[in-house]
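Notes follow once the structure below has been shown.
The values are calculated or read from the model by the stated rules, or taken from the named source; none is laboratory data. A quick note: this is a predicted structure, and the numbers were derived from the prediction, not measured. Please note: Cβ atoms are built from the backbone with ideal geometry, for glycine as well, and neighbour counts cover all protein chains shown.
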C-alpha cells in the first residue's frame, strides 16, 4: 500500500484505499497512443473505481498516480489533458 502526500499539506494519508470514504482516483500517463492520457474515477475503493471502466480500459491502468480522500482533503485542485495528435 502506498502512502499518499495530501495536496497542500505535509501530511501523509497512510491508508488511501480505506473503504469508508469517497475518493478521487487519478491515473496519469496511461491510455497512450502518440501521447499520454489520463483517467479519473470517483469511488469508495480502487476495486469499485476500476469496475466502472470497461475491461479494456481497466486492464491498462494499474496503480493510480494520485488518490484524493474527499472527506479529509479540502484543498482545491485542477487537472487537465491536452489534446494530442
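If you go through segment 62-77 and pick out every residue that is under 21 Å from residue 30 (Cβ atoms) and without any contact (Cβ under 8 Å) to a residue 60 or more places away in the chain, you end up with 3. In segment 1-69, counting only strands (runs of 3 or more DSSP E) that sit wholly within it, the ones holding 1 or more residues that are modelled with pLDDT of 90 or more and out of contact with any strand residue (DSSP E or B) (no Cβ under 6 Å at 6 or more places or on another chain) span 37-43. Return yes or no: is residue 46 surrounded by 14 or more Cβ atoms within 10 Å (Cβ to Cβ) and in contact (Cβ under 8 Å) with a residue 24 or more places away in the chain? Considered against the rule, which asks whether it is surrounded by 14 or more Cβ atoms within 10 Å (Cβ to Cβ) and in contact (Cβ under 8 Å) with a residue 24 or more places away in the chain, residue 46 comes out as yes.
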